[in-house]
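Here is the structure we will look at.
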Amino acid sequence: MLTSPVSADHHAGMIRRVAMSSAPSRSALAASWSRSLLHHGLEPECRRRPERLSSAALRDRREAARTLLRVATPILDRLAGVVTETGSALMLGLADGLIVEERLRDADRPMFGEVGLTTGARWSEADEGTNGIGTALAERRAMVIWRDQHFHNRNLALTCMSAPIEAPDGGNAGVIDISSCRRDLSEGQARLIALTVQDAAIRIGSELFRLAHPDARLVTLATDPHSGPCLIAVDDSDLIVSCNRAARRMLRLSAEDIARHPPFADLMRQGRARGDIAGAVRSEVVRALKRSGGNVTLAARDLRIGRSTLYRKIKSLGLTGHLKS
């Protein structure tokens with residue numbers, strides 16, 4: 001049986017005290033506890049494991065998520081080669097927290113099955129309270145949930161490192177989770193695992209974005225280690241079709257802005273100082289010049305803007321050294 005050094009009564013009392021205090025306004029963890037207790041109506045003492053979908057229902061959900069599974073499977077397989085040897089479990093969940101893929105050793109299945117961390121179970125925050133899978137989806141960011149940070153007493157032996165997978169429309173497509181029951185897991189090890197999980201989630205999300213826009217030109221403006229590449233899909237008319245979450249945040253574009261399909265060239269012409277747009281435009285121009293061998297005409301054609309416009313941009317950015325002599 002999984003055990004925790006934290007008293008179940010003490011943990012439940014702490015959850016209630018924190019959830020009813022002012023802490024949720026200052027802490028993402030406390031906010032999750034508050035949502036679990038007050039909004040979702042859960043109780044920390046609940047011992048009931050999450051129910052599992054029937055085989056037929058799970059098969060239907062997997063079929064609906066076949067693109068996600070096709071993209072994620074090779075990445076999960078590579079991760080599993082390292083993760084499972086440490087006694088950890090690797091899970092892929094959908095946007096509602098339903099686990100549809102798992103990678104773990106047969107010898108470890110009873111341990112994780114004891115708390116219901118298994119294929120067919122749903123680990124959303126609404127179902128399981130604060131946990132890696134559900135809280136990463138709710139917060140839309142990578143999370144590490146340590147043992148006594150879980151909401152339910154029965155999950156106190158788990159440490160979960162999770163990251164949401166972004167859908168092409170900017171929402172959640174799913175989530176990757178690595179969970180461990182090892183008491184000797186250090187904070188440094190957990191942070192390293194969390195970075196690996198986040199990197200895998202970013203790669204899957206980026207590929208989903210690419211597949212969602214097969215006829216568009218994809219522009220990568222910049223790459224942030226925490227949120228990944230800023231991706232913009234541009235159609236044949238130079239109109240922005242879509243942006244991923246990182247690009248929306250960097251360019252400060254709302255869903256309404258994107259729905260109007262603004263011309264991508266406007267970003268190049270105007271060089272608006274929105275977030276890190278100046279650096280992003282510089283990177284895009286440099287890449288175009290590299291691809292064209294320093295030929296301004298070819299680079300302008302690649303960027304779909306006028307030659308004179310690009311030349312002025314090159315001079316203003318101090319990139320004349322990239323031009324063909």
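The values are calculated or read from the model by the stated rules, or taken from the named source; none is laboratory data. Computed from a prediction, not measured in an experiment: that's the story for all the values here. Note that we place each Cβ from the backbone using ideal geometry, even for glycine, and neighbour counts take in every protein chain shown. Side chains are part of the model used for accessible areas, which takes the heavy atoms of the whole protein and leaves out ligands, DNA and RNA. Shrake-Rupley method; radii C 1.70, N 1.55, O 1.52, S 1.80 Å.
For the reader, a short list of remarks on this structure follows.
- Helical segments meeting 15 Å axial Cα length and Kyte-Doolittle -0.5 threshold in the chain (DSSP H): 8-19, 66-83, 187-212, 277-292
- Normalised per residue, the volume of the convex hull around the Cα set of the chain (Å³): 157
- Converting phi to 3J(HN,Hα) with the Karplus coefficients 6.51, -1.76 and 1.60 and the offset θ = phi - 60°, region 101-107 yields 9, 9, 9, 6, 6, 4, 5 Hz in sequence order, with x at every glycine or proline.
- Projecting the Cα positions of ALA233, VAL100, ILE178 onto the charge dipole of the chain (unit charges on Cβ atoms of Lys, Arg, Asp and Glu, taken about the Cα centre) puts ALA233 furthest along the positive direction.
- Accessible area expressed per residue, the chain, with surrounding protein chains retained (probe 1.4 Å, Å²): 47
- Proximal charge balance of LYS324 [Cβ under 13 Å; K/R count +1, D/E count -1]: +2
- Heavy-atom accessible area order for GLU128, GLU45, largest first, 1.4 Å probe: GLU45, GLU128
- For region 277-322: rounded, prolate or oblate by the Cα gyration tensor [a/c cutoff 1.5]: rounded
- Note on region 89-218: with charges restricted to the Cβ of Lys and Arg (+1) and Asp and Glu (-1), its dipole about the Cα centre is near 260 debye.
- These residues, THR223, THR67, THR130, go from largest to smallest accessible area, 1.4 Å probe, as THR223, THR67, THR130.
- Given their separation in residues at 0.36 nm each and the Cα-Cα distance between them, ARG62 and LYS315 gain 85.9 nm when the chain is fully extended.
- For ALA222, distant residues with modelled amide H under 5 Å away: CYS230
- Think of each Lys and Arg Cβ as +1 and each Asp and Glu Cβ as -1; about the Cα centre, that makes the dipole of the chain roughly 1360 debye.
- The chain: most fluctuating residue of ALA95, ALA173, ALA107 per GNM, C-alpha cutoff 10 Å: ALA107
- For the chain, the share of accessible area belonging to carbon and sulfur comes to 51 percent (1.4 Å probe, ligands and nucleic acids excluded).
- Its Cα centre serving as origin, region 214-274 has a Cβ charge dipole (Lys and Arg +1, Asp and Glu -1) of approximately 340 debye.
- Stokes-Einstein D for region 49-210, Kirkwood Rh over Cα pairs, 20 °C, 1.002 mPa s (µm²/s): 140
- Directionally averaged projected area (region 16-62, Cα convex hull): 4.7 nm².
- A simple spin-label model places the labels of VAL286 and GLU256 3.6 nm from each other, with each point 7 Å out along Cα-to-Cβ.
- Over the Cα atoms of region 214-274, the radius of gyration divided by the Kirkwood radius equals 0.94; this is the Rg/Rh ratio.
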